Amino acid sequence: MAGKKETPRQKLIGMMYLVLMAMLALNVSVTVLDAFVVVDDGLTKTTQNFSQQNDATYREFAQRYAENPVRVRPWKDMADEVRVRSDELFNHIQDLKQQIVIRADGEGSDAIAEDGRIIGDNLRAKENTNPPAQVMLSEMNPRATQLKNSIQEYKGFLMSLIDERDEGVMQSVESSLNTADPPPKEGATVSWESHHFYYMPTIASLTLMSGMQAGVRNAEADVITYLLNQIDAGSFMFNALEAITIPRTNYVFRGDEFEASVFLAAFDTTQAPEVLLGRYEAVEREDGSVDYRMVGNYQELPVEQGRGVYRIRPGTTGYHNYGGLIRLRAPDGSYINRPFASEYQVAEPNLIVSPSKMNVFYSGIENPVEISIPGLTADQISATVNNGTIRRVSGSNYVVVPRTTGDAQVSVTARINGSARNMGARHFRVRAVPDPVATVAGRKTGVIGRNVLLAQTGVLAEMENFDFDLTFTVTSFTVSTTQRGFVVDARSESNRITDAQREIIRQAGRNDRIYFEDIIAVSPTGDQRRLPTVSFRID
């Protein structure tokens with residue numbers, strides 16, 4: 001109506017419109033307002049979950065960088081910038097939310113927690129439609145437009161880090177950070193700014209802004225996960241590692257030097273290479289590089305779990321040579337040919353029994369053992385143990401499960417020329433599995449921030465300095481503290497921190513002691529252990 005003189009009728013219609021809108025505002029259902037509070041709480045928790053996942057991804061970046069700084073640095077630098085800019089935008093939105101709350105309830109509003117969070121349930125003026133527009137749509141300071149521009153700049157920055165061919169990631173980021181105007185209704189177009197802040201109940205605008213923050217964390221998660229995956233893009237991917245020791249010879253005379261190569265071998269159990277046994281030759285490519293190809297008669301070895309298996313039963317003692325090519329498809333579709341050559345010695349039988357991890361067994365769990373006899377194939381060898389059970393896993397690999405602590409004797413028998421021959425025995429000490437260590441936030445004790453403690457999901461039981469893949473699960477624990485001279489505690493019947501326990505932590509003041517005690521952990525075999533107390537002093 002601005003820019004021309006209004007008629008009395010137009011003034012009356014305008015006045016009626018204002019009255020109608022005021023009545024609508026007064027009649028906003030309390031149930032609807034409470035529903036916004038529930039949605040806002042849900043969005044806040046979702047954002048916290050995204051933040052925890054993102055923190056885990058950044059920790060993985062740090063670990064990968066420590067392992068290979070040269071390769072990881074470019075991707076880590078980009079991820080670090082994503083983290084900074086994501087936090088800046090997230091905190092900017094949080095600051096605007098606080099300004100709206102202050103405009104609605106005034107300074108010192110109970111809706112703003114000490115850590116800056118907005119507690120929607122404490123907001124007194126939930127239905128007030130003026131504060132969002134007053135803060136965000138002022139002509140002198142159009143914060144809504146500035147926020148929209150900030151989101152668009154942030155989205156553009158994230159898009160610049162993504163390859164155009166990765167449409168799925170780009171679409172996800174676009175969806176999380178959408179700032180387009182809503183579709184027209186009844187021929188009327190409403191801007192993004194008006195849609196979020198014009199004549200909108202305060203709690204509704206705050207909820208929409210919480211959705212923006214969730215979108216920021218979601219987009220951040222998509223992009224840093226994408227960047228992490230790019231570290232290995234175009235590289236061979238392996239899903240199994242194995243420590244390999246290759247001695248120059250297994251037989252050394254007294255006074256001679258023993259030499260062996262020790263390294264970590266990586267292989268892919270999902271993609272079988274071609275292992276060709278026979279003669280090969282080198283050929284020069286057009287670009288001057290060297291490739292290899294088989295010549296004459298050759299054979300293809302069987303592949304098991306990503307590894308070629310060479311089996312032969314030689315009839316004479318002494319040294320025997322073998323070699324060939326390993327052929328593997330590269331990520332770009334081409335083939336990589338790599339030569340291999342080795343030798344083995346055939347001698348009279350001599351028993352070899354060696355534990356795979358330590359010179360002791362642990363009772364009640366699977367202890368891997370390698371049992372082999374030079375000159376004999378794995379299917380000619382059998383083994384027994386006098387304490388517990390032993391079973392073959394594959395080839396010369398066995399698993400021993402001792403029944404009790406003390407000693408165990410592994411006896412080996414070989415079938416040679418149709419008859420069984422006792423090849424001897426080896427003795428092992430049997431110990432009990434040590435207790436795991438209970439941790440919260442990766443720590444056993446010390447000073448911790450209350451918010452850090454509240455962010456934890458539960459108590460973990462971790463094995464320290466134990467070479468076996470054994471996991472204990474916490475089944476129950478108690479959180480306790482002293483408040484006003486009285487002990488306050490709450491029990492959890494799982495490994496997760498309960499709401500009642502969180503309330504105890506939330507009520508703790510600075511320098512108060514929080515105890516995680518009476519911790520019970522159970523192994524996969526049902527072995528139950530009571531673990532020492534974990535205690536923290538609130539910072």
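What number, in percent, do you get for the relative contact order of segment 352-431 if the mean sequence gap of Cα pairs under 8 Å and at least 6 apart is divided by its residue count?
Relative contact order comes out at 32 percent.
I need the peptides 186-192, 533-539 ranked by packing, meaning the mean over residues of other C-beta atoms within 10 angstrom, with the highest value on top.
Those peptides, ordered most packed to least, come out 533-539, 186-192.
Is there a pair in Lys97/Lys185; Lys97/Lys155; Lys155/Lys185; Lys45/Lys185; Lys45/Lys97; Lys76/Lys444 whose C-alpha atoms are over 24 Å apart, and which pairs would that be?
Correct reply: Lys97/Lys185; Lys155/Lys185; Lys45/Lys185; Lys76/Lys444.
Quick check: pseudo-label points 7 Å beyond the Cα along Cα→Cβ at Lys185 and Asp518, how many nm apart are they?
5.5 nm
Across all directions of projection, what mean area in square nanometres is found for the Cα convex hull of segment 437-538? List each step's numbers first, then the result.
Working: hull surface 25.5 nm².
If you wrap the Cα atoms of segment 437-538 in a convex hull and average its projections, you get 6.4 nm².
Could you check the spin-label model distance between Thr478 and Glu370? Points 7 Å from the Cα along Cα→Cβ, value in nm.
It works out to 5.0 nm between the two label points.
When the Cα atoms of segment 352-431 are enclosed in a convex hull and the volume is divided per residue, what value in Å³ results?
Considering the Cα atoms of segment 352-431, their hull volume per residue is 76 Å³.
Suppose every K and R has +1 on its Cβ and every D and E has -1 on its Cβ; what is the size of the dipole of segment 352-431 about the Cα centre, in Debye to the nearest 20?
100 debye
Apply the a/c threshold of 1.5 to the C-alpha gyration tensor of segment 151-197 and tell me whether it is rounded, prolate or oblate. Kindly include the intermediate steps, with their values, before the conclusion.
Details: a/c = 3.94, a/b = 2.25, b/c = 1.75.
Prolate, because a/c is 1.5 or more and a/b exceeds b/c.
Expected output is a single nm value to one decimal: the length gained when fully extending between Ser494 and Glu284, i.e. 0.36 nm times separation in residues minus the C-alpha distance. What is it? Please list the in-between numbers first.
Details: separation 210, 0.36 × 210 = 75.60 nm, distance 6.42 nm.
That pair, Ser494 and Glu284, stretches by 69.2 nm at full extension.
Tally Lys and Arg at +1 and Asp and Glu at -1 over the other residues with C-beta under 14 Å from the C-beta of Val72: what net charge comes out?
Net charge in that neighbourhood comes out at 0.
Of Thr145, Ser109, His92, which is farthest along the charge dipole of segment 79-145 in the positive direction, counting Lys and Arg as +1 and Asp and Glu as -1 at C-beta?
The one lying farthest along the dipole's positive direction is Thr145.
Between Thr404 and Asn229, with labels modelled 7 Å along Cα→Cβ, what's the label distance in nm to one decimal, could you check?
According to this spin-label approximation, the distance is 5.5 nm.
Quick note: the coordinates plus some simple rules give every number you see, no bench work behind them. Bear in mind that the values here come from a model prediction, so they are computed numbers and not experimental data. For neighbour counting, all protein chains shown are included, and Cβ atoms are generated from backbone atoms with ideal geometry for every residue, glycine included.
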